[in-house]
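Any read-out appearing in this document is the output of simple, stated calculations on the displayed coordinates, not a laboratory observation. Everything numeric here is computed off the predicted structure, so don't read it as measured data. Here the Cβ positions follow ideal geometry from the backbone for every residue, glycine too, while neighbour counts run over all protein chains shown.
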Amino acid sequence: MTKTSDYVTRKDLREELTTFRDEIMTGLDKVMKELEEMREDSALGVYQTREIREQVDIHEKRITKLEAA
């Protein structure tokens, strides 16, 4: 005859699944934070590139005027 303690109850299974889900969600939180930081870095990089490009265009115009004089 089999002992009832060998079987997993719904309550036990629910607790294990809840714990597993919590671990997964905690891991996803870390990944989402990294993704957010990467997006912010990317946006900042785009902004800085645009600013530098505008400065280079201004300098090129000034150099062209100086060379023409």
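For this structure, a couple of remarks:
- Boolean, ALA69 is hydrophobic (A, V, I, L, M, F, W, C) and surrounded by 10 or more Cβ atoms within 10 Å (Cβ to Cβ): no
One line per residue, one yes/no per condition, for (1) among the small types (Gly, Ala, Ser); (2) surrounded by fewer than 10 Cβ atoms within 10 Å (Cβ to Cβ):
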position	(1), (2)
ASP6	no, yes
ARG14	no, no
ALA43	yes, no
GLU54	no, no
